Every structure is written in structure tokens, then in C-alpha cells.
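FYI, it's all coordinate maths here, none of it is from the lab. Just so we're clear, the structure is a prediction, and the values are computed from it rather than from any experiment. Cβ atoms come from the backbone with ideal geometry, glycine included; neighbour counts cover every protein chain shown.
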Amino acid sequence: MAESSVAYKLLLKVAQRMRLAAVGRSFYWAFIVLCGVFAAALLTARLTGLAPGLFDVSNTTWLALAAVPVLAGLMALLVHRRPTLPDAARLVDRSTGAKDLYLTLSLIDSSAGEYQPLVVKSAEARATHVSPERVLPFAWQRRFWHAVWVPALVAVGVFVVPQLDPFGKVAKANLVEKRHERLAESKKATELRLEEVRKKIEDHEEHNASDDAIEELKLAFNKMQPTQKMDNLKALQIEQKDIGKLWRQISAERLKDMMKSSPSGDQQFGANENEKLEKWMQELQQGNAGGVQKEMADIKQALQKLAQTKDPIERSELMQQLKEKLAALEKLAEDKLGNKELASALERAMQQLELSEQSDLSKEALESAMQSLELSQAELQELEQAMKDLKELEQALKTIQQAKKLNDGEKLDGAKAGECKTLADYEALYAQLLAEGGAEEVEEKEGNGMGQRGFGKGGEAPEDDSVETGFKSEQSKSAVVAVKMLMSMQQKGEAEKGEVVRDYKALLTTVKQGAMEALNTEQIPPGYHEGIKSYFDALEKAKEKNKPK
């Protein structure tokens, strides 16, 4: 049979339609079966809870449902029955009533006989009037709607079928999932904070405002001249103002709480542990975090050992030791240092250590705990830097007070500081000059201020009203009244007898207590503490001296 004949082309087209119909039929049945399998798996997972999370309302479930038609299409292409040319010929014979004419034509090449030309001629004549679409029409409408409502019903089932948990598998899986989420969140928070703290430390190393302020102060000391008393005082006040402002800026809430911390017993830890905490506290107040850093390094080594230990008893002992050490450090950071960032990092390390007790989280949780300890070390390093800066600024403020005393005696000379390199050198020099001149002695008697009342040549008090201070108008009325009454009772030559003496002492005690509380609660640089305390001491001693004998 010639391939160019009309009959042959007819048989080829019918065979192609038969193959398309076979693929479509295979796809339909594969799709329906796979939807049924999906629905059965959905019901099993939801009603028994044996596969928690497998068919939740999530993107994974919808992707699995979307994969059903794709899988059905692949199966249809692979397993459908491929029609042959005789199959197409039988279908044409059955459709046209040709009584095996086209079947004979499809097999004519393998048969012999003189009738072949007659068969070909008859088939060619009939083929011109036969349409492949009429031989094999595609009846797809009914099956199409089945292929629509079945997966739609499965999709509705994803939403409406309840999740039961008769065996407790779902609750256990939810707990594990929450642990993973909590670990991932804590790990992310640690990474972000660690990057932030490291950047702060690098910025501090590149540019330290405290060092700049101290260098400016040393330059100011070198410019002092004994004869320029007012100019010296003005320059010292400006430096005192700038350094005091910087001191208050660095003395944030955590540092202020740290500076106010005092030794106190704690029943939560033993005596040895309390002694260790107090030692660390004292070191930190001096700007030295070596003891705490060593403790954290020991904890990191213990974590590495824990990750390599397989013996359950040894792991349990190591875990308990690590928890106790972390609890002690967290107690130090939260209660004594008042450092929320450091306490948070240590608390996070403790939580991650506890999560490492779960077999499915052991490795990941220990790695996260190590990272949290790195953050704790960075937080501690930042705190140590701040404490060192604070101590240097306090030293600068005390040195300014020494310079003011020398300036009062017109002995503040920058030329004498030629060999001074550090702030300690200036402090030692000024202490020596004060000792030589006796300027440190305070005359404990009631003075006359800048002169007698009225008009005269008392002079102008060396004050600079332009200097900004951290003063806030938050005075208690009772405190103000007490101060006014105390001032009204300061009359020269008046005898202290009876009720007047008692009232005076009571008011003096009230005002002094208020001032001491202000020192502890307000951010007052330590350079002013000594002057405030000595003022009240001088008042008490002056009254004792003036008592009639």
C-alpha cells in the first residue's frame, strides 16, 4: 500500500486519534485513582493522627495536590495502549460498514493474490468520503466534569476534615515544631545582636570620645597660667561640663545600677559562689572583666566536651554543671550589673542548652548555645570598655577638682606639667603641689562669703551662669521648705540653746539625707560627691565649734 494513497492517510489519521483517545482515557483513570489515593491518605492522616503535619493546610499539601494531574499525565504517556494500523482499519470498517475492506488493505503488503489491485481501488474510492472525526469522535464532556468535581471535593476536604489525635502523635509533633521554631528565632536574634555589638566595639576602637575629651583636658592643663585665675577657672569649668556630660552619657542605666551595687548575700548560691560573684563585681567596677571572661571561656570548652560526650551519665553531670555556671552568670548580669543585654544573652544560652537535651535538637542547640556565649563575651567586652571609660572620666573630674584648688591659690601653672604624659601624671603632680602648699586643708569655720552685706568691695563670685548642667526642676516642696528653714536659722552669733538647737539639727539631718539620696539616685559625676559631703560635714563641725562652753 502506497503511503501517498488517500486510504493510507485515512488510516494514519484514525490511528492518531485512537492514540490521543487512549492517552486521554489513561490520564482520566489515573487522575481519578490518584485523587482517590490522596483523599484516602488525607482521611487517614487527619482521623488517626499517625502522620502529623503531612496533610496540614499548607503550601506543601497544595503542591502535593497540584502534582496529582502531573503524575497522572506522566503515567498516561507511559502506560497507554498504542494502536496499530490494523486497529485503525477495523475501526474504519466498523464505522463505514466496509466488511473488512480496510483491514485487508492494511494487511495487503503481507498477503498474495491477484485481488490486491481491486482492494486498493475499492478502498481508495471509499476513503474520499470517510472523515476521521466521524470514525472516532472525542466524547470528553462527561469525563471532563468528573475530572473537575473529584479534585474539588478533595480540596474541600483539606479544609473541612478535622485533625484528630487519638494516639497523641500530633501533640508531640507540635511540641517538637515549636522547639525548632523557638531555637531558630533565638539563633536569629543572637546573630543580629552579635553583629550589632561587634560593630560597636570596632567603632569604639576606631574612635573613643573619652580619649578625645581627656586629650583636650590635658591640653587645657598645659595652657594654665598662675596669673590668669579667672581664665583658668572658666576653662576648667568648660572641661568639667564636657566631661561630666560624657560621664552621664556613658553612665547609662545598667552602669548606674552597677556602680550602686553593694555586696550582699544571696541564699540561692553557696558562700563560695557568692564570694566569686562579689569578686567579679569588684573587678568589673574597676573596668576588669578578666574573671568573668575566663568563666565564659571555660563554659565554651565544657560545651564542646558535651557535644563529644556519648556517655549519658557524664552528659548529665556536664549539663548540670553548665546550668549552674550559666545561672550564676545570669544572676550577676541581671541583679548586680543591671545589664539587660548581657542577661538576655546568657538566658538565651541557658534555653538553648536545655533544648540540646532533645535528641532531634542536640547538635543544632549546642551550636546555638556556643553562639550565644560568643554574644555574652562581646556584651561583656562592651561593658568592660564602658567601665574603663567611666573610670578614666572620673579620674579626669577628680583631677579637675585638684586643678581648681591649685587655681584658688594661684599655683596652677601649665609650665610645670611639661613632663606629664598621662592623666595619672597630672593627678600626681597636682597632689604634690597641693601637699606642698597645704591647699588640701579645709578651714572648718564659718566664713563671710564674698564680703559683708550691703555695698562694698566684696567682689563678684567666680560663677559662670552660661554653663549648662543636668539640673531638673523636680524639687520636693518639703525638701525646699527644709532648706529655707535651715538657711533662716544660720544667723551669726546666735546661741544654740534648747528647742532651736534641736530644730536646727533635725533640719540639717533632713537636708543631708536628701542630698545623699540624690547622690545615689541621680547621675551626678563623682567629682562633685566629695564637695557635697564635705559641705554638710563643715556645717555640723562649725556648729559644734560655736557652742558656748
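Contour minus end-to-end for Gln321 and Ala152, with contour as 0.36 nm per residue of separation and end-to-end as the Cα-Cα distance?
On the way: separation 169, 0.36 × 169 = 60.84 nm, distance 5.79 nm.
Result: 55.0 nm gained on full extension.
May I ask you to give the average projected area over all directions of the convex hull of the Cα atoms of the stretch 180-401, in nm² rounded to one decimal? Let's see the in-between values first.
On the way: hull surface 56.4 nm².
Taking the Cα atoms of the stretch 180-401, their convex hull projects to 14.1 nm² on average.
What are the ³J(HN,Hα) values, in whole Hz, obtained from phi via the Karplus relation 6.51 cos²θ - 1.76 cosθ + 1.60 with θ = phi - 60°, for each residue of the stretch 399-415 in sequence order, with x given for Gly and Pro?
5, 4, 4, 4, 5, 5, 5, 5, 5, 4, x, 6, 10, 8, 10, x, 5
For a label point 7 Å from the Cα of Ala209 along Cα→C-beta, name the residues of the stretch 384-403 whose backbone N is under 16 Å from it.
385-394
How would you order 380-389, 143-152 from highest to lowest mean count of nearby Cβ atoms within 10 Å?
380-389, 143-152
How big is the stretch 83-127 on each of its three principal axes, counting only the C-alpha atoms and giving the largest first in Å?
27, 21, 14
Using packing as a proxy for protection, rank 396-402, 48-54, 232-238 so that the peptide with the highest average count of other Cβ atoms within 10 Å comes first. Spell out each step's value before the answer.
Working: 396-402: 21.6, 48-54: 16.1, 232-238: 18.4.
The densest-packed peptide leads the list: 396-402, 232-238, 48-54.
In square nanometres, what is one fourth of the surface area of the convex hull spanned by the alpha carbons of the stretch 1-112?
Working: hull surface 40.6 nm².
Convex hull of Cα atoms, orientation-averaged projection: 10.2 nm².
Compute the length gained on full extension between Trp145 and Leu63: take 0.36 nm times their separation in residues and subtract their Cα-Cα distance, giving the result in nm to one decimal.
Fully extending the segment from Trp145 to Leu63 adds 27.3 nm.
To one decimal place, what Kirkwood hydrodynamic radius in Å is obtained for the stretch 65-107 from all pairs of distinct Cα atoms? Can you show the working numbers first?
Values: mean 1/r = 0.0808 Å⁻¹.
By the Kirkwood definition, the hydrodynamic radius is 12.4 Å.
Calculated FRET efficiency, Arg182 and Leu78, Cβ-Cβ r, R0 60 Å, to nearest 0.05? Spell out each step's value before the answer.
Values: r = 46 Å, r/R0 = 0.77.
The computed FRET efficiency comes out at 0.85.
With a Förster radius of 41 Å, plug the Cβ-Cβ distance of Leu50 and Gln301 into 1/(1 + (r/R0)^6) and report the FRET value to the nearest 0.05. Intermediate results must be reported in sequence, preceding the final value.
On the way: r = 43 Å, r/R0 = 1.06.
Efficiency computed from Cβ-Cβ geometry: 0.40.
Would you mind checking the pairs Lys276/Lys340; Lys187/Lys279; Lys336/Lys391 and listing those with alpha carbons more than 23 angstrom apart?
Working: Lys276/Lys340 21 Å; Lys187/Lys279 32 Å; Lys336/Lys391 18 Å.
Exceeds cut-off: Lys187/Lys279.
By average Cβ neighbour count within 10 Å, what is the ranking of 298-311, 123-136 from highest down? Walk me through the numbers before you get to the answer.
Working: 298-311: 13.9, 123-136: 15.9.
Most protected by this proxy first, the peptides run 123-136, 298-311.
Can you give me the C-alpha center-to-center distance between the stretch 33-60 and the stretch 181-231, rounded to a whole angstrom?
First find each Cα centre; the distance between them is then 59 Å.
Rounded to the nearest 0.05, what FRET efficiency is calculated for Ser131 and Leu20 with R0 set to 25 Å and r the Cβ-Cβ distance? Show your work: numbers first, answer last.
Numbers: r = 16 Å, r/R0 = 0.64.
The pair Ser131/Leu20 has a calculated efficiency of 0.95.
Using the Kirkwood radius over Cα pairs, work out the Stokes-Einstein diffusion coefficient for the stretch 42-184 at 20 °C and 1.002 mPa s, in µm²/s as a whole number. Please report the intermediate quantities before stating the final value.
Working: Rh = 20.9 Å.
Estimated diffusion coefficient is 103 µm²/s.
With labels modelled as points extended 7 Å from the Cα through the Cβ direction, what inter-label distance (nm, one decimal) is found for Ile201 paired with Lys169?
Spacing of the two 7 Å Cα→Cβ label points: 4.8 nm.
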